[in-house]
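The structure appears below as structure tokens.
The values are calculated or read from the model by the stated rules, or taken from the named source; none is laboratory data. All figures in this text were calculated on a predicted structure; none of them were measured in a lab. Cβ placement follows ideal geometry from the backbone for every residue including glycine, while neighbour counts extend to all protein chains displayed. Side chains are part of the model used for accessible areas, which takes the heavy atoms of the whole protein and leaves out ligands, DNA and RNA. Shrake-Rupley method; radii C 1.70, N 1.55, O 1.52, S 1.80 Å.
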Amino acid sequence: MTTDAEIIDCRGLKCPLPVLKMEKRLSQLAAGASFIVLATDPMAKVDIPLYCRQNGHACEVSSEADVLRFAIVKAAD
């Protein structure tokens, strides 16, 4: 994943908005496309990886201070 990846900033948004924004963006992308989701809602740490697992997308989670960072790669259709 490169540092110039698209970033979807969901900081300050509460569940379920980070997942819904991620889902909307995934629906617009081709398989193999990647992007970053930033979130501060603690539930995102559960909800986003769970959504990705259930739909076959790759998701790597990291955090810095109180910001969660999800690196997502869309699965093949």
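Considering I48, I7, I72, I36, which residue is of a type in the set (V, I, T) and surrounded by fewer than 16 Cβ atoms within 10 Å (Cβ to Cβ)? Write out each step before concluding.
Details: I48 fails: surrounded by fewer than 16 Cβ atoms within 10 Å (Cβ to Cβ); I72 fails: surrounded by fewer than 16 Cβ atoms within 10 Å (Cβ to Cβ); I36 fails: surrounded by fewer than 16 Cβ atoms within 10 Å (Cβ to Cβ).
After applying the criteria, what remains is I7.
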- request: Show the residue pairs that are 6+ apart or on different chains and have beta-carbon atoms under 9 Å apart, the first residue being within the stretch 41-65 and closer than 15 Å to I8 by Cβ, the second being part of a helix (DSSP H, G or I) and open to solvent by 40 Å² or more (accessible area, probe 1.4 Å).
  value: D41/L17; Y51/E23; H57/Y51; C59/Y51; C59/R53; V61/K45
